[in-house]
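Down below is the structure, laid out as structure tokens.
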Amino acid sequence: MIELEGLTKRYGEKVAVNNLSFAVRPGMVTGFLGPNGAGKSTTMRMILGLDRPTAGDVRIDGTHYDRLKDPLTYIGALLDAKAVHGGRSAFNHLLCLAQSNGIPRARVHEVLDTVGLTPVARKKAKGFSLGMGQRLGIAGALLGDPRILMFDEPVNGLDPEGIHWIRTLMKSLAAQGRTVFVSSHLMSEMALTADHLVVIGQGRLLADTSMADFIQRNSRTYVRVRTPQPEQLSDVLAAAGITVLRTGDGAFEVDGGKAEHIGELAARHQVVLHELSPQQASLEEAFMRLTAESVEYHAHSGAGDVPAARAWGEGWKGEG
Amino acid sequence: MAAAQVVRSEWTKIRSVASTVWTLSLAVVVTVALGILISLLSRHEFDNLSRTERLSFDPTFVSFAGMSLGQLAMIVFGVLVVSNEYSTGMIRTSLAAVPQRGTFLFSKLAVATALAFGVGLATSFVTFFLGQAMLGEHRAAIGDPGVLRAVIGGGLYMTLIAVFSMGIAAILRGPLLSLGILMPFFFLISNILGNVGATEKVGRYLPDQAGSSIMRVVTPVDDDTPYGPWGGLGIMALWVLAALLGGFLSLKKRDA
């Protein structure tokens, strides 16, 4: 488990991370979502003790990172696939990491196998493609067989096959009961992998919620209706107490309406329908709306609490 | 975190990059080759020297003349050992594996220093014997008073130059900046300050000027240097300690 308590990082006047408190729990994939520059990488660097927090605290299984004995056996991280000496072979890169944490040499061969780099193990890392570099970084994260894994934008620049591989890997790691914390700036990516979601914008916590909850709360559902008799349909719906929204292309959007109900009304009043389809606004839109608000909150400084859904996470207390 | 683990890890790091091999080989080749050449030239020049110059003639020191250039390769070695971590981004991976920054830095320095000392000492002995062979009848023997001390001192000198560079690189981080300051300093500025009358008294306290006195056996005739061979090496060691302290504090305080 990773616990952040009022974590703050200031660079001069600029606040990169602002009073973040949340916990990342075992047994699931927690998505760490925010637009570029929201403070995700800074937060992850503070978790690993690379950057010093200006205020607040972060603990790994209740302990500060620099107090962990052989930290790679507690938490494995992929922050930057290029954080490798290009002149060193993949094998030697992993070997020096393994030795520093008392991990046996045989484990290096194992993780190279897991990520599929065994054929190029003796090749210098600078000749690696982005995808291979990413796999090497993941091999480094898996090296100590840690209970916690952290990946910063792991699918960036990968081909579809690589993306699929990483998604499957993260899900299987979580299924083994490990803590998986993964950042992304793409909501669509998170929707496919994450069970839980932590959203930040401008360094502030915007949401800490289950994926299902987030989808339910943030995605607007409506029914899209098209008809050659728009006047009649809007009269019929108005008579039934249903408000409609006319879109530019001559269609109607009925908020929260049931498609069956609208279809039956239309049939009863003999209105011809060309389209009747339930719709769900994309999560990407919901995410944009959420983070756009953070910009507003920031601009009108002093605006009260950030809408965080902390309550959901309470149910997990005691399990970590 | 057992320091022995980190030392092993740093040994793997240093032996698995090409720059270690080429910088150290260059240090050996340049020092020895230039030492041979200058020894050979000195033997032919000896008859043209004045009486005082002959009294000041130091065959041991002459055979170490190649170090003025060979030390530049040692500087590159020292700088790259440390700054490679920063220029490649490896430092973040390294510090995530070893968050105790003091343990990390001093394990790295211990490994690199041991390697530099091994290579430096071997270079010093080789350049001494080959240099003396070139000097013919003007040669010194390893058993002569002070000569063994000077030859071992040559190895210590090369080691300290490398360690000083590691400390500076830990402060400055970037390889280009570190080399851009160290190379002209040791190749030009220190020599100028040490040989121009007005700055000589200050110049002789610079690390290389002071440290190189360990390689002298014969004191020049009108010499007024206020320290002996070991005193000079001690002054150099103080510079090295200061650089290491600066490097340690820089690593400790700053974000990686």
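Whether any residue in segment A:239-254 is in a helix (DSSP H, G or I), among the hydrophobic types (A, V, I, L, M, F, W, C), at pLDDT 75 or above and over 30 Å from A:His196 (Cα atoms) is what I want to check. Yes, the conditions are met somewhere in segment A:239-254. Within segment B:178-200, residues that are part of a helix (DSSP H, G or I) sit with their Cβ atoms under 8 Å from residues that are surrounded by fewer than 16 Cβ atoms within 10 Å (Cβ to Cβ), at 6+ positions apart or across chains, in these pairs: B:Ile192/B:Thr199; B:Leu193/B:Thr199; B:Leu193/B:Glu200; B:Leu193/B:Val202; B:Gly194/B:Glu200. In segment A:72-103, of all residues being without any contact (Cβ under 8 Å) to a residue 40 or more places away in the chain and under 30 Å from A:Arg25 (Cβ atoms), the one that is farthest from the other protein chains (Cβ to nearest Cβ) corresponds to A:Gly102.
Give the residues of segment A:17-34 that are open to solvent by 10 Å² or more (accessible area, probe 1.4 Å) and either within 14 Å of chain B (Cβ to nearest Cβ) or over 26 Å from A:Leu173 (Cβ atoms) (or both), sorted by residue number. Answer for segment A:17-34, where residues must be open to solvent by 10 Å² or more (accessible area, probe 1.4 Å) and either within 14 Å of chain B (Cβ to nearest Cβ) or over 26 Å from A:Leu173 (Cβ atoms) (or both): A:Asn18, A:Asn19. Residue check: B:Arg43 meets all listed conditions (1) farther than 30 Å from A:Gly133 by Cβ; (2) open to solvent by less than 50 Å² (accessible area, probe 1.4 Å); (3) touching a His at 6+ places or on another chain (Cβ under 8 Å) but one, namely (2). Any residue at all in segment B:161-169 that's in a helix (DSSP H, G or I) and surrounded by fewer than 17 Cβ atoms within 10 Å (Cβ to Cβ)? Looking for residues that are in a helix (DSSP H, G or I) and surrounded by fewer than 17 Cβ atoms within 10 Å (Cβ to Cβ), one finds none in segment B:161-169, hence no. A count restricted to segment A:203-235 and to residues that are surrounded by fewer than 20 Cβ atoms within 10 Å (Cβ to Cβ) and out of contact with any Asp or Glu (no Cβ under 9 Å at 6 or more places or on another chain) stands at 11. Of everything listed in (1) of a type outside the set (Lys, Arg); (2) more than 30 Å from A:Gly49 (Cα to Cα); (3) under 14 Å from the mean Cα position of the chain (by Cα), the single unmet condition for B:Ile168 is (2).
Yes or no, residue by residue, for (1) open to solvent by 40 Å² or more (accessible area, probe 1.4 Å); (2) over 30 Å from A:Gly133 (Cβ atoms); (3) under 24 Å from the mean Cα position of the chain (by Cα); (4) of a type in the set (Gly, Ala, Ser):
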{"site": "B:Leu105", "(1), (2), (3), (4)": "no, no, yes, no"}
{"site": "B:Val111", "(1), (2), (3), (4)": "no, no, yes, no"}
{"site": "B:Ser124", "(1), (2), (3), (4)": "no, yes, yes, yes"}
{"site": "B:Ile142", "(1), (2), (3), (4)": "yes, yes, yes, no"}
{"site": "B:Ile152", "(1), (2), (3), (4)": "yes, yes, yes, no"}
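Screening segment A:70-112 for residues that are among the charged types (D, E, K, R) and open to solvent by less than 40 Å² (accessible area, probe 1.4 Å) and picking the one that is nearest to A:Leu169 (Cα to Cα) gives A:Asp70. Being surrounded by 19 or more Cβ atoms within 10 Å (Cβ to Cβ), in contact (Cβ under 8 Å) with a residue 60 or more places away in the chain and either more than 10 Å from every other protein chain (Cβ to nearest Cβ) or polar (S, T, N, Q) (or both) is the filter here; which residues of segment B:1-33 pass it? If the condition is that a residue be surrounded by 19 or more Cβ atoms within 10 Å (Cβ to Cβ), in contact (Cβ under 8 Å) with a residue 60 or more places away in the chain and either more than 10 Å from every other protein chain (Cβ to nearest Cβ) or polar (S, T, N, Q) (or both), then B:Ser9, B:Thr20, B:Leu24, B:Ala27, B:Val28, B:Thr31, B:Val32 are the ones that fit.
Within the set A:Glu260, A:Glu275, A:Glu253, the sole residue that is free of Cβ contacts under 8 Å to residues at least 24 places away in the same chain and open to solvent by 10 Å² or more (accessible area, probe 1.4 Å) turns out to be A:Glu260. Looking only at segment A:163-174, decide whether some residue is crowded, with 22+ Cβ neighbours inside 10 Å and part of a loop (DSSP other than H, G, I, E, B). For segment A:163-174, residues crowded, with 22+ Cβ neighbours inside 10 Å and part of a loop (DSSP other than H, G, I, E, B): absent.
Within segment A:186-202, the set of residues being open to solvent by 50 Å² or more (accessible area, probe 1.4 Å) and outside any helix (DSSP H, G or I) comprises A:Leu186, A:Asp195, A:Gln202. At least 1 residues being within 11 Å of another protein chain (Cβ to nearest Cβ) is the threshold, and among the helices (runs of 4 or more DSSP H) wholly inside segment B:50-125 those reaching it are B:67-88, B:90-97. Confirm whether B:Ser250 is in a helix (DSSP H, G or I) and within 14 Å of chain A (Cβ to nearest Cβ). Spelling it out, B:Ser250 is indeed in a helix (DSSP H, G or I) and within 14 Å of chain A (Cβ to nearest Cβ). Among the residues of segment A:37-68, which ones are within 11 Å of chain B (Cβ to nearest Cβ), under 28 Å from A:Thr291 (Cβ atoms) and open to solvent by less than 10 Å² (accessible area, probe 1.4 Å)? Once the filter is applied, which keeps residues that are within 11 Å of chain B (Cβ to nearest Cβ), under 28 Å from A:Thr291 (Cβ atoms) and open to solvent by less than 10 Å² (accessible area, probe 1.4 Å), segment A:37-68 yields A:Met44, A:Met46, A:Ile47, A:Leu48, A:Leu50, A:Asp51, A:Ile60.
The values are calculated or read from the model by the stated rules, or taken from the named source; none is laboratory data. All values derive from a computational prediction rather than experimental measurement. Here the Cβ is made from the backbone with ideal geometry for all residues, glycine too, and neighbour counts use every protein chain on show. Areas reflect the complete protein model, heavy atoms only, side chains present, ligands, DNA and RNA absent. Shrake-Rupley method; radii C 1.70, N 1.55, O 1.52, S 1.80 Å.
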